[in-house]
Amino acid sequence: MGGKPAKQNTALQRAKARLTAECSRREISSGQARQMLIRWLSKDSPLTDRQEKEIEETISSLKKDKYIDDSRFAKAFTRDKLRFSKWGPEKILRGLSEAGVEQSIAEEAVNDQEDLALQVLADLLSKKRQDLEKKAEKKAAEDRSKLESLERQLKDSKECYKQRASVQRKIYSLQTKLRNSSLQSKAALVAFARTKGFPSKLIEKAIKDI
């Protein structure tokens, strides 16, 4: 009985040393730090009330010594996810929430990088538009070829009314698709940006600039 608290304390000291080393190598949020300590200390047995209290004390100590700073973590996380992962603000906010960062801190970090977010989005949409245009040009060429073939078929046809009506409907459908290609392209860009986690206000700005 007498040696158990000392054993628990030794485990906590090892966990704290391990966590401090991790914090020295990279930015870690308080939420991530808490999950690490819980995982390490509960590996062999469930956490006691005392251990849970010690975990919070350890995190407070690391915050005081500036090993952990949620604001600093949020800013670094936001910059990295924008620059390298091309995440939008909404996706970044979800990521920060999962990391245990308070909403006010997360929103401040994301709002501070709005110009960078707009630049990243503009670059993404520019590349996406080029890709869509290439595909659209190829598809339009195929559709125009089909349209010309259908028009010749209609002109030269002496088929019954139902057959001619079917050809005319196909022609109308292809003509409509060709007219609406630009609208479809814009809708595709908006949908693409939304999947990346960009809000509507940034999407509208970026589309105007490309």
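The values are calculated or read from the model by the stated rules, or taken from the named source; none is laboratory data. Keep in mind it's a predicted model, so treat the numbers as computed, not measured. Positions of Cβ are generated from backbone atoms using ideal geometry, with glycine treated the same way; all protein chains shown enter the neighbour counts. Calculation scope for accessible area: heavy atoms of the full protein, side chains included, ligands and nucleic acids excluded. Shrake-Rupley method; radii C 1.70, N 1.55, O 1.52, S 1.80 Å.
Taking the condition of being of a type in the set (K, R), without any contact (Cβ under 8 Å) to a residue 40 or more places away in the chain and more than 22 Å from T10 (Cα to Cα), how many residues in segment 55-80 meet it? Even if it seems obvious, please write down each step before you answer.
First pass over segment 55-80, keeping only residues of a type in the set (K, R): 63-64, 66, 72, 75, 79.
With the extra rule that they be without any contact (Cβ under 8 Å) to a residue 40 or more places away in the chain, the set shrinks to 63-64, 66, 75, 79.
Keeping just the survivors that are more than 22 Å from T10 (Cα to Cα) gives 66, 75, 79.
Within segment 55-80, residues that are of a type in the set (K, R), without any contact (Cβ under 8 Å) to a residue 40 or more places away in the chain and more than 22 Å from T10 (Cα to Cα) number 3.
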Condition (residue is surrounded by 15 or more Cβ atoms within 10 Å (Cβ to Cβ), more than 30 Å from A206 (Cβ to Cβ), touching a Leu at 6+ places or on another chain (Cβ under 8 Å) and hydrophobic (A, V, I, L, M, F, W, C)) applied to segment 106-125: is it met by at least one residue? no
Qualifying residue in segment 173-193 (condition: modelled with pLDDT of 70 or more and over 18 Å from L124 (Cα atoms)): yes
Within the set of pairs 6+ apart or on separate chains, which have a first residue in segment 182-206 that is open to solvent by 60 Å² or more (accessible area, probe 1.4 Å), a second that is hydroxyl-bearing (S, T, Y) and in a helix (DSSP H, G or I), and C-beta atoms under 9 Å apart? R194/S200
Taking R83 as meeting all but one of (1) over 29 Å from the mean Cα position of the chain (by Cα); (2) in contact (Cβ under 8 Å) with a residue 24 or more places away in the chain; (3) open to solvent by 40 Å² or more (accessible area, probe 1.4 Å), write down the number of the exception. (1)
With respect to the numbered conditions (1) farther than 24 Å from T195 by Cα; (2) open to solvent by less than 40 Å² (accessible area, probe 1.4 Å), which one is the sole condition not fulfilled by R72? (2)
